[in-house]
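Chemist: Pasting a structure here, questions to come.
What follows draws every value from the coordinates through simple rules; no lab data is involved. In this text, all values refer to a predicted model and were calculated from it rather than measured experimentally. Methodologically, a virtual Cβ is constructed for each residue, glycine included, from the backbone with ideal geometry; neighbour enumeration extends over all protein chains shown.
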Amino acid sequence: MTITTFGLGPLQTNCYLLENDGKAVVVDPGGDPSEVLAHLKAHDLELTHILNTHIHFDHTYGNKALSEATGAPILCHQDDLVLLENWLGRGGDMGLPPVDEYQVQTIEPGSANFAGMECTVFLTPGHSPGSLTYYFPEAGAAFVGDLIFYRSIGRTDFPGGDLEVLTRSVREHIFTLPPETRLLSGHGPETTAGDEMNHNPYFQGY
Ligand SMILES: [Zn+2]
C-alpha cells in the first residue's frame, strides 16, 4: 500500500491517492486532477472510489473531472449535502472559482472495503456537520480532512461548525486509534494520533 500526496487547487489542499494491488482510492481531489490521472495511468491503477472527507469547495474542485475520467463514484456523508446550497460547497466566493457540479453517493459510518482494503468510516463532525474520517488499518493511516491538523484543528466558525462537537469527535475517534496511526489532513504536514494527543495545544490540560 502506497500513499501519494498531491497539493491541488487554489488552496493547495492535500489530495491523497492510496493504492493497493492495482487499485486505488483518491481522497479529496481539491483541484485539477491531471496529476492524479497521470499517476493512475503511469502505475496502471483502477480508481474505485473518490472519498470526500467533507463537502467544502477546496476539497471538491476536482470531483467532477476525476469522476468523469475514471467512472469512480464520489462518496460523502449526507449531513454535508446541505453545504451544496451555499458557497462553502459550491465555491465562487472570495475571488475563487465555482465548483463544477458533480453527483455524490452518500455513505454511512461503519465498515467498508475500498480498492480491496478494509476501511472504517467514522462520522467526525465539528468542522462540518458530515465530516468523515477514513481509517485504513492495514495502511496504518487515517484521512481526517480538516478535523485535526499538525498541532492545530479545523475551523469551526463556518456554518455547521462546532468546536465542542469537533473536540468530541477527535477524542472519540482519533485519539482512540493506535498512537502510531498516520493522520493525513486536508492541509499541512502529516502527524500521528499519539503525537497530537500529547502535543496538540487544543487538547492539553483538560
Ligand atoms: Zn473544510
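Chemist: Can you give the % of DSSP beta bridges in the chain that are antiparallel, to the nearest 5?
Modeler: Once the DSSP bridges in the chain are tallied, antiparallel ones form about 70 percent.
Chemist: In sequence order, what are the phi-derived ³J(HN,Hα) couplings for segment 20-35 according to the Karplus relation 6.51 cos²θ - 1.76 cosθ + 1.60 with θ = phi - 60°, rounded to whole Hz, with x for glycine and proline?
Modeler: 7, 6, x, 10, 8, 10, 10, 9, 6, x, x, x, 3, x, 3, 5
Chemist: Return the calculated 222 nm mean residue ellipticity for the chain, to the nearest 500 deg cm²/dmol, obtained by summing -39500 (n - 2.57) across DSSP H runs with n ≥ 4 and dividing by the residue count.
Modeler: On the way: 5 runs with 35 residues, N = 206.
Result for the chain: -4000 deg cm²/dmol, rounded to the nearest 500.
Chemist: Normalised by the number of residues in the chain, what is the relative contact order in percent for Cα pairs under 8 Å and 6+ residues apart?
Modeler: 15
Chemist: Still on this structure: Could you pull out the longest piece of the chain with no exposed loop GluC sites (Glu not before Pro) in it, calling a site exposed if DSSP puts it outside H, G, I, E, B and it has at most 11 other Cβ atoms within 10 Å?
Modeler: Longest stretch, sites excluded: 1-100.
Chemist: Exposure proxy check: Ser131, Ser185, Ser34, Ser67 ranked by fewest other beta carbons within 10 Å?
Modeler: Ordered by Cβ neighbours within 10 Å, fewest first: Ser34, Ser67, Ser185, Ser131.
Chemist: Placing +1 on the Cβ of each Lys and Arg and -1 on the Cβ of each Asp and Glu in segment 96-206, which of Tyr102, Thr156, Phe114 has its Cα farthest towards the positive end of the resulting dipole?
Modeler: It is Thr156.
Chemist: Using θ = phi - 60° and the Karplus curve 6.51 cos²θ - 1.76 cosθ + 1.60, what whole-Hz ³J(HN,Hα) does each residue of segment 70-83 get, with Gly and Pro shown as x?
Modeler: 10, x, 6, x, 9, 10, 7, 8, 4, 5, 8, 5, 4, 5
Chemist: Asp146's amide H: which non-local residues (gap 5+, or another chain) put their own amide H closer than 5 Å, with H modeled 1.01 Å from N in plane and none for Pro or chain starts?
Modeler: The answer is Gly186.
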